[in-house]
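*Asks:* Please find one structure pasted underneath; my questions will follow.
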Amino acid sequence: MALTEDTLEQPRARLRKSERREQILMELRLHSHIRISDIAERFGVSSETVRRDLDKLSKDGLINRAHGVASAASRHYPDFNERSRARLAEREAIGRHAASLVEPGETILIDSGSTTVELARFLAYNNTPCTAITNSLTVAMTLGASEAAEVILCPGDYLPSEAAVVGTDTLEFIDRMRVDRCLIGASALTEEGVSETVRGFAAVKRAMLRSAGTSHLLVDSEKFGRVGMNRVARLDEINSVVVDRTPDTGLEEAMSAAGVEILVAA
């Protein structure tokens, strides 16, 4: 997210190091992430100086770093119910578009997430004939309402906050599968790849990617520039990304270079 015109006004006097870092933290309370180039322009310093500032703030656990951007350190990651109430229009658009990618008769893997539930809802609404394997109880119940879909629920350790299963049994079960495509969500997306915050989810997503012929990432633009605790995949390990808007230039260029198709949901 770019800084506003007011934000980008040059200060009259160069700030001290401590003041500049405090201002960076203040900006991250207002925006989900900020670019190194924008910070350098605002404070009239070099990009290298900004990187040193961000390195120190990251080391202190005050921010998250990614290539070319900084984001606020997460104090609390919302659970499934909280996420389900946020950005509904964006997630509906993504889910509708992702559902159109599934061909009748295909076998698919769907992971747990607020956006993948929207995918399941539109697959059920369209009565798309498919066999779906999922670790999400909510996805299973939503898609299971369709007479055209066969739903297989993974075994595993139940994670109440996500209404999903994770763990060794889940991973071994998925690793035995070979499906046409997987459709997964994520907590974060940067030039460095896809990452996840929810405990146990990154391993499930990696297993789904290994088992699928084609892979799709479903992620709304709020996740752009964020960094999760656990890495899921490099960009070149994903075939396409279904989003609600085109990513910023740096991320868009990195995805294009990695051969990732960007599908913007109407």
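Readers should treat all values here as calculations from the given coordinates under stated rules, not as data from a laboratory. Because the structure is a prediction, the values reported are computed rather than measured. Here Cβ is always computed from backbone atoms with ideal geometry, including for glycine, and neighbour counts include all displayed protein chains.
*Asks:* Using just the helices of the chain, give the 222 nm mean residue ellipticity in deg cm²/dmol: DSSP H runs with n ≥ 4 each add -39,500 (n - 2.57), and the total is spread over all residues, rounded to 500. Could the numbers behind the result be given before it?
*Replies:* Working: 10 runs with 99 residues, N = 266.
About -11000 deg cm²/dmol.
*Asks:* Which net charge results for the neighbourhood of VAL179, defined as the other residues with beta-carbon distances under 13 angstrom from its beta-carbon, given Lys and Arg at +1 and Asp and Glu at -1?
*Replies:* On the way: positive: ARG176, ARG178, ARG181, ARG210; negative: GLU103, GLU106, ASP111, GLU150, ASP175, ASP180.
Taking every other residue near VAL179 into account, the sum is -2.
*Asks:* I've got another one for you. To test your reading of the geometry: what angle, between 0 and 90 degrees and rounded to tens, separates the Cα axis of helix 17-30 from the longest principal axis of the chain?
*Replies:* 40
*Asks:* A follow-up question, please. Between ARG210 and GLU222, how many nm apart are label points set 7 Å from Cα along the C-beta direction?
*Replies:* Inter-label distance under the simple model: 3.2 nm.
*Asks:* Please express the shape of the range 17-72 as an equivalent ellipsoid: the semi-axes are the square roots of 5 times the eigenvalues of the C-alpha gyration tensor, given largest first in whole angstrom. If you can, show how the numbers build up before the last one.
*Replies:* Values: eigenvalues 40, 28, 26 Å².
Working from the Cα gyration tensor, I get semi-axes of 14, 12, 11 Å.
*Asks:* Something else about it: Quick check: residue separation of THR131 and SER32 times 0.36 nm, minus the Cα distance between them. What number comes out in nm?
*Replies:* Numbers: separation 99, 0.36 × 99 = 35.64 nm, distance 3.71 nm.
Contour length minus Cα-Cα distance gives 31.9 nm.
*Asks:* Restricting to bridges with both residues inside the chain, how much of the DSSP beta-bridge set is antiparallel, in percent to the nearest 5? Please list the in-between numbers first.
*Replies:* Working: 17 of 43 bridges.
Approximately 40 percent, going by the DSSP bridge assignments.
*Asks:* Work out how much length THR246 to ARG231 would gain on full extension: take 0.36 nm times their residue separation and subtract the Cα-Cα distance, in nm to one decimal.
*Replies:* On the way: separation 15, 0.36 × 15 = 5.40 nm, distance 2.25 nm.
The THR246-ARG231 span can extend by a further 3.1 nm.
*Asks:* Also, I was wondering about something else. What nm value, rounded to one decimal, do you get for the distance between THR49 and ARG14 when each label is placed 7 Å out toward the C-beta?
*Replies:* Inter-label distance under the simple model: 0.5 nm.
*Asks:* Check each of the GluC sites (Glu not before Pro) in the range 91-169 and keep only those in coil by DSSP with at most 14 other C-beta atoms within 10 angstrom; list them in order. Walk me through the numbers before you get to the answer.
*Replies:* Values: sites: GLU92, GLU106, GLU118, GLU147, GLU150, GLU162; in loops: GLU147.
Those satisfying the criteria are GLU147.
*Asks:* Taking just the alpha carbons, could you work out the radius of gyration and Dmax for the range 80-264, both in angstroms?
*Replies:* 14.8, 43
*Asks:* Residue-wise, which Karplus ³J(HN,Hα) couplings in Hz belong to the range 135-148, taking 6.51 cos²θ - 1.76 cosθ + 1.60, θ = phi - 60°, and x for glycine or proline?
*Replies:* Rounded to whole hertz, the list is 9, 9, 5, 5, 4, 4, 5, 5, 6, x, 6, 8, 6, 7.
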